[in-house]
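S.K.: What follows is a single structure, and I will ask about it in a moment.
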Amino acid sequence: MTAAFVTAGSVDEAVHELASGARPVAGGTDLVVGARQGKAPLPERLVAIHRIDEMRGIEAVNGVLRFGGLATHQEIAEHEVVRERLTALADASAIVGSHATRAQGTLGGNVMNASPAMETGGPLICFEATVTLHGSSGVRWVAAADLFSGPGQTTAHPDELLTAVDVPLPPEGSGSCYLRLEYRQQMEIAVVGATAVVMLDEGGVSDARIAITALAPTIRRVPEAEAALLGTDGGADAASAAAQAAAAAAEPISDVRASEAYRRAMAAVITRRAIEAALARARGEAVPVPASPALHGGLS
């Protein structure tokens with residue numbers, strides 16, 4: 001059966017179509033691939049949103065960096081402010097899929113796909129991002145941490161369209177990193193992933209946010225890991241304790257890509273590396289973007 005296809009020229013037009021049962025499509029990098037792999041059939045009705053100009057762009061607004069829902073991973077990974085202030089998000093966006101995927105795939109699509117292994121989820125949660133949802137009943141704002149309800153599931157209503165993502169810019173003295181365990185450097189998703197955002201004050205860790213990816217039904221922060229870092233000098237012992245806490249909080253599964261035991265073991269390794277890279281960046285040390293290829297010289 002051929003899907004009905006319409007193109008929206010505005011957010012209101014798109015929401016009208018969603019209320020009639022359509023699914024939105026922009027880059028199509030998740031929707032089309034899923035259909036081809038037999039994971040889910042194409043919806044009976046699609047609404048293209050790629051021509052909605054108000055959903056494009058990246059702009060700074062009152063200490064917040066606002067990403068249009070149609071901002072591509074390539075745009076995000078290359079944006080100067082993202083690389084300098086939201087570096088973990090640059091790490092993540094720079095390794096989504098392939099070059100072609102990053103050129104076409106959008107932040108809004110990646111977020112609403114809600115994969116537990118999505119790259120951008122951990123950074124958005126740790127940076128305490130907020131998403132803007134437009135629906136038939138109006139506009140509402142949801143914290144990224146409250147958006148994901150299960151694998152492939154969100155708390156958004158069927159008629160709601162994600163139009164923007166607002167990310168507060170962290171203060172000076174902050175550093176962040178997203179790191180994943182990967183078997184190849186193109187067309188890969190995380191086997192294990194970790195995000196670390198830290199702030200240093202007079203040499204000590206005054207704030208810490210740690211999230212794990214591909215290790216639970218949803219991407220989530222780990223308060224125990226954060227507590228293990230707070231008030232410390234950010235040394236090896238503190239990083240190791242935080243990493244072990246993250247591994248203890250994981251709920252990994254076994255599948256064709258990795259066993260439960262391997263994922264849990266690698267959770268500690270990847271989290272420790274992410275923490276160390278975030279601390280190094282907070283101290284002004286150079287860690288290349290993306291961090292994942294740079295830090296994969298053999299697991300230790």
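We did not get these values from a lab; they are worked out from the coordinates using the rules stated. Source: prediction; values computed, not measured.
S.K.: Grab every C-alpha pair in region 90-210, bin the distances at 5 angstrom width from 0 up to the longest one, and report whole percents.
M.R.: Spelled out per bin, shortest first, that is 2, 10, 19, 21, 18, 15, 9, 4, 1, 0.
S.K.: Please list the non-local residues whose amide H lies under 5 Å from the amide H of G57, H modeled 1.01 Å from N, same-chain partners needing a gap of 5 or more.
M.R.: G68, A71
S.K.: Something else now. In percent, what relative contact order does the chain have, based on Cα pairs under 8 Å that are 6 or more apart in sequence?
M.R.: Once normalised by length, the contact order is 16 percent.
S.K.: Scan [x] 20.9, 62; [y] 18.8, 63; [z] 19.8, 61 for the value of Rg and Dmax of the Cα atoms in Å calculated from this model and give just the label.
M.R.: Evaluating Rg and Dmax of the Cα atoms in Å on these atoms matches [y].
S.K.: Turning to a different aspect of this structure: For R220, list long-range residues whose amide hydrogen, built 1.01 Å from N in the peptide plane, is under 5 Å from its own amide hydrogen.
M.R.: Amide H neighbours of R220: I212.
S.K.: Please report the Cα spread of region 67-140 along all three principal axes, rounded to whole Å, starting with the longest.
M.R.: 37, 25, 23
S.K.: Can you tell me how region 148-300 classifies by the Cα gyration tensor, rounded, prolate or oblate, using a/c under 1.5 as the rounded cut?
M.R.: oblate
S.K.: Kirkwood hydrodynamic radius for region 225-300: how many Å is it when counted over pairs of different Cα atoms? The partial results should precede the final answer.
M.R.: On the way: mean 1/r = 0.0754 Å⁻¹.
Taking every pair of different Cα atoms in region 225-300, averaging 1/r and inverting gives 13.3 Å.
S.K.: If I build a Gaussian network model for the chain, linking alpha-carbon pairs within less than 10 angstrom, which residue out of S137, S93, S240 has the largest mean-square fluctuation?
M.R.: With Cα springs under 10 Å in the chain, the top fluctuation among S137, S93, S240 is at S137.
S.K.: Next question, about the same structure. Can you list residues from other chains, or at least 5 along the same chain, whose modelled amide H is less than 5 Å from the amide H of S115?
M.R.: Those qualifying (amide H under 5 Å, at least 5 residues apart or on another chain) are G152.
S.K.: Calculate one ³J(HN,Hα) per residue across region 116-122 by plugging θ = phi - 60° into the Karplus curve 6.51 cos²θ - 1.76 cosθ + 1.60, and present them in order as whole Hz with x for glycine and proline.
M.R.: Once rounded to whole Hz, the list reads x, 10, 5, 6, 7, x, x.
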